[in-house]
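Notes follow once the structure below has been shown.
What follows is calculated from the coordinates using simple rules that are stated; it is not laboratory data. All values derive from a computational prediction rather than experimental measurement. Positions of Cβ are backbone-derived with ideal geometry, glycine not excepted, and every protein chain shown enters the neighbour counts.
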Amino acid sequence: MSVQFGLLGPVTVWDTAGALLPLSAPRHREVLGRLLIARGRVVPVGRLVADLWEDEAPAGAVGSVRTFVAALRRALEPGRAPREPSRLLVTDGPGYALRAGREAVDAWRFEDAVARAGQAPPRSAVELWDTALACWRGPVLADFPAAAWAAAERARLDALRLDAVERRADALLATGAARDAVADLHAHVAEHPGREDGWVLLATALDRAGRRGEALRALAQARDALSGGGGALARTEARILSAAADSPAEPAGTADSIWDRAAASWDRSVPARSRARLHATAGLLRDLAVSGPDGLEEAHRHRRDLVAAAERTGDPELAARIIGSYDVPAVWTRADDPEGAGELSRAAARAAALLGPEGPPALRARLLSVVAVESRGDAAADAPPPRASGAPATEPWRLRAERAADDAVRLARRLSDPALLAFALNGAFMQAFAACGSAARRDALGTELTRLAVDHQLPGHEVLGRIIRLQALAGLGDFTNADTEAEEIDRLADRNERPLAGVFTAWYRALRLCETDGWPAARHRYAQVLTGTAGCGMPGLTQGAAALVALVPVMRGDTLPRPGDFDGLDAGPYQPWLDPLLLAASGDSEQARQALSTVPRPPHDLVQEALWCVIARAAASVGHLPVLRRARDELARAAAEYAGAGSGLVSFGPVTHHLAAADAAIEAHASATGQ
């Protein structure tokens, strides 16, 4: 893969491995953005000067531009020899041009995907429209919103995106997926009320989804927004009314009809842009998140927009209530959207700071719980993680998250609010991974949460508490009690319509089979689980899960991976820790040692013990003593546990087995070197 460039959001560059390239200076990004929108054409130096300094350029502006270009070249082609001409950012006549292929720029990939989608049949088109829209990370050239040189390109691409949203909805309608189109169209017309086509599509989708009353009200809202609107609104209304006259009435007592009538009454009664709508949306997203994979994805997608809307009101207490209202039980310690989780954690911290220490204690506890939950893993990290080759380092962001969890629990206990305490204990669980070997502590948290939920009829948090116990008990090797929890989780999930809980029990049963009957017996069960949970709506769990499974037979033995074991597998977030092991297995000991010298410490999450075992195996095989000793010290804290089993996904066997192997490797090296 070549160097990749991003315009659909902040100006961004990724290297050939997909890692962000550092472009810290705004002027460097601005020059890059200006060259990218030229689409390979030469931009004269004089034009660059005029665009960068719109009012009056300083005397040394031309020299500054050349300095910016030189810095960009070093960043884009770090391996280029000092006097070798750049092949990417070239000098051509009176100026510069960026010679990037169409696949290398997100805006151009978006345009190409739009073109393909426009020619495809509806079912294929939906996926192509999704591919096109997925290119967008934010507003075009988001870090230069006022730049005059970007205005025309921004307007052009924005128009293409709005058209793509509507054409995707049209394709969904053509495939009969009206319900899937409704949520996106609601958001679309709310953000762009002047789009008549958007209103027509929304009304059509609502009508086809059996929500005729809402469809007619959407058309009434459209006429208000468009000051009457055009003929398309009238034709759509006539078609809906004509269809209503020809169709039988729906029984009044069905759940769908009650929902439609209640929602319609609410929509008529509550004014547009009312703050009550923000509160109601927060509650709806909370319920949507536990309805299943599609609902979870939709809730994640709209939550950030809701928080942004609440912050824009300028009312700190309202924003705090909206941000703190999303107390959906969370169990997996890697966020599905790490960037979004980090933003939400920071939004909650801002809201708590605005309230101050004298703010309503229940509201402060909710915000602190959000900080703790959303700071799971490394989601809220404000700096790269320390290397595994060094001594353990204090990370201030982690201390803030742990303190937020402790303070939230303390406040909730003082207030004697069971639901609030359940939310705070969820945050405490997410921050219970400061070091390896925390299974016993997590079992205690899960036990308290389960009892609290049973006593106060909080079924969602009872399921959470039992999943926390299931994982912790597996980590402790107490599989008999873990089996009991798995059965109870399935019973509760079925009774309370919590379909996502079954994802965790399915994974646990594969782990359990592996512990009972060995890897050969569990291999097929793991293949079924990987297939069955791939679309569960939790990418934080599923990304890289196949690589974890492929590690099981390797790490339960005493060998390195065989050639081909990981071919075609996407290791996702686990790639940095897998790379040294694969290099060692390939016989490239020097590259493996280099990779170990730079590999970061594993995230503080449910798989940290497993990843330290992988690091230890690689370090032992190539004699990297600093990393091996660090891994051994980290794992010593978990000597009573099963490596990786605390995740509820995989088990690499007793940690003592891995500690013995590390000690043997350290002793062998000492004997060989006389140290």
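Things to note:
- Residue order, fewest to most surrounding Cβ atoms within 10 angstrom, among HIS669, HIS28, HIS188: HIS669, HIS28, HIS188
- Selection from ALA25, ALA401, SER369, by position along the positive dipole direction of the chain (Cβ): ALA25
- Global form of region 176-240, assessed from the alpha-carbon gyration tensor, a/c cut-off 1.5: oblate
- Computed from phi, the 3J(HN,Hα) profile of region 434-447 under the Karplus parametrisation 6.51, -1.76, 1.60 (θ = phi - 60°) reads 4, 8, 5, x, 9, 4, 5, 5, 5, 4, 5, 5, x, 5 Hz, with x in place of Gly and Pro.
- Looking at region 1-135, the DSSP beta bridges with both ends there are about 90 percent antiparallel.
- Region 277-431: Rg to Rh, with Rh as the Kirkwood radius over Cα pairs: 0.97
- Order of SER2, SER345, SER416, SER86 - criterion: other Cβ atoms within 10 Å of each residue's Cβ, fewest first: SER416, SER2, SER86, SER345
- Pairwise centroid distance, computed over Cα atoms, of region 60-78 with region 443-489, Å: 58
- Rounded to the nearest whole Hz, the Karplus-based 3J(HN,Hα) values (6.51 cos²θ - 1.76 cosθ + 1.60, θ = phi - 60°) of region 413-426 follow the sequence 4, 5, 7, 6, 10, x, 5, 5, 5, 4, 5, 5, 5, 4, with x at glycine and proline.
- Of the chymotrypsin sites (Phe, Trp or Tyr not before Pro) found in region 563-627, not one falls in a DSSP loop while having at most 10 other beta-carbon atoms within 10 Å.
- Look at HIS524, HIS461, HIS302 and count the other Cβ atoms within 10 Å of each Cβ; fewest to most, that gives HIS524, HIS302, HIS461.
- Kirkwood-based shape ratio for region 1-174, expressed as Rg/Rh from alpha carbons: 1.02
- Per residue, the convex hull spanned by the Cα atoms of the chain measures out at 205 cubic angstrom.
- Averaging the Cα positions of each part gives two centres, and for region 133-168 and region 294-334 these lie 25 Å apart.
- Taking every DSSP helix (H) stretch of at least 4 residues in the chain, weighting each as -39,500 (n - 2.57) and dividing the sum by the residue count yields a mean residue ellipticity at 222 nm of -21000 deg cm²/dmol.
- Dipole of the chain computed with +1 at Lys/Arg Cβ and -1 at Asp/Glu Cβ about the Cα centre; of ALA379, LEU464, CYS536, farthest Cα towards the positive end is ALA379.
- GluC sites (Glu not before Pro), loop per DSSP, at most 16 other Cβ atoms within 10 Å - longest free stretch of the chain: 57-357
- Distant-in-sequence amide contacts of GLY9, defined by a placed amide H-H separation under 5 Å and a gap of 5 or more residues or a different chain, comprise ARG137, GLY138, VAL140, LEU141, ALA142.
- Long-range HN-HN contacts of GLY95 with modeled amide H, under 5 Å: VAL45
- Residues whose amide H falls under 5 Å from that of ASP336, counting only those 5 or more places apart or on a different chain, are GLY540, with hydrogens built in the peptide plane.
- Across region 371-382, rounded Karplus estimates of 3J(HN,Hα) from the backbone phi angles (6.51 cos²θ - 1.76 cosθ + 1.60, θ = phi - 60°) give 4, 5, 5, 6, 8, 4, x, 10, 4, 9, 4, 10 Hz, Gly and Pro being marked x.
- Charge dipole (Cα centre; +1 on Lys/Arg Cβ, -1 on Asp/Glu Cβ; no other charges) of the chain amounts to roughly 1000 debye.
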